[in-house]
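Sharing a structure here in structure tokens format.
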Amino acid sequence: MAGRTTPGTRLRALLDLLAPGLARASGRMFSGDREAYLSWLEISYAMTRATVPLLRAALQESERRTDPVAPALASYYTAQIKDESGHSAWVVSDYAAAGGTPRNLRERLAAPAVARLVGAQYYWLRHEHPIALLGHIAVLEWYPPAGELARSLAGRTGLPGTAFRTITGHALLDARHGDRLARLLDTGPISRRQESLLTRSALTSVRGLGDVVRELVPRAERSDRP
């Protein structure tokens, strides 16, 4: 039917309004020097290592529920777990290639903004419904890094191409993941309350990512590593 909207199209329309502002803020993280890039990798590691455990929690919640959308969620989260496994190792490899020490990366305490961002999702999926995580994933995967970003950063930082696997990998993978998510949101039997929840989750993540950027940018701009 012409003009028909779905939870997916409505969420996309909302996030399309917010994405440019978040992209402008995030762009400040890539100032073009090695220290800024290392800071970005540190934040990325803190977030990426939480991805699969978060997906597993959502899968467990989906499998124990009996509402109409639960089987589709369980199938979706199973596929996501398979695709996302091992991505924290990409970040560790990039960090080493950029001159960082992987042990320091693993031992570094996560930034409070990252804990708040990830922790909010645990609350929504455990105490409300596991569909909430779809809003978070939409924010992260519907706007993948540009394909040329890795080449641009390599040129500006002087780092080897092997230091940008995380960016290049997600530039390709997130586009496919975004399509998978859109299909689920456009075809799944999602109630109005569930749609409100995943929208709230998405907005929470937009705000949370903004906090992460604000916490990271001053560190990157100081460039105070020896």
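Where a number appears in this text, it was derived from the coordinates with a stated rule and is not lab data. Bear in mind the structure is a predicted one, so any value in this text is a computation, not a measurement. Ideal geometry is used to build each Cβ from the backbone, glycine not excepted, and the neighbour counts take in all protein chains shown.
Looking at the chain, which longest stretch skips every one of the trypsin sites (Lys or Arg not before Pro) that is in a DSSP loop with at most 12 other Cβ atoms within 10 Å, leaving the sites themselves out?
Between exposed loop sites, the widest span is 109-226.
Can you give the net charge of the other residues whose Cβ lies under 13 Å from the Cβ of Ala202, counting K and R as +1 and D and E as -1?
Net local charge, Ala202 excluded: +1.
Oh, and also: Report Rg (one decimal) and Dmax (nearest whole number) for the chain, counting Cα atoms only, units Å.
Expressed in Å, the Cα Rg and Dmax of the chain come to 17.8, 61.
Moving on to the next point. For the stretch 169-177, what does the Karplus curve 6.51 cos²θ - 1.76 cosθ + 1.60, with θ = phi - 60°, yield as ³J(HN,Hα) per residue in whole Hz, taken in order and with x for Gly and Pro?
Listing the rounded values in order: x, 6, 4, 8, 6, 5, 5, 5, 4 Hz.
Let me ask something else. If I take every Cα pair under 8 Å that is 6 or more residues apart in the chain, average their sequence separation and divide by the length, what percent do I get for the relative contact order?
33
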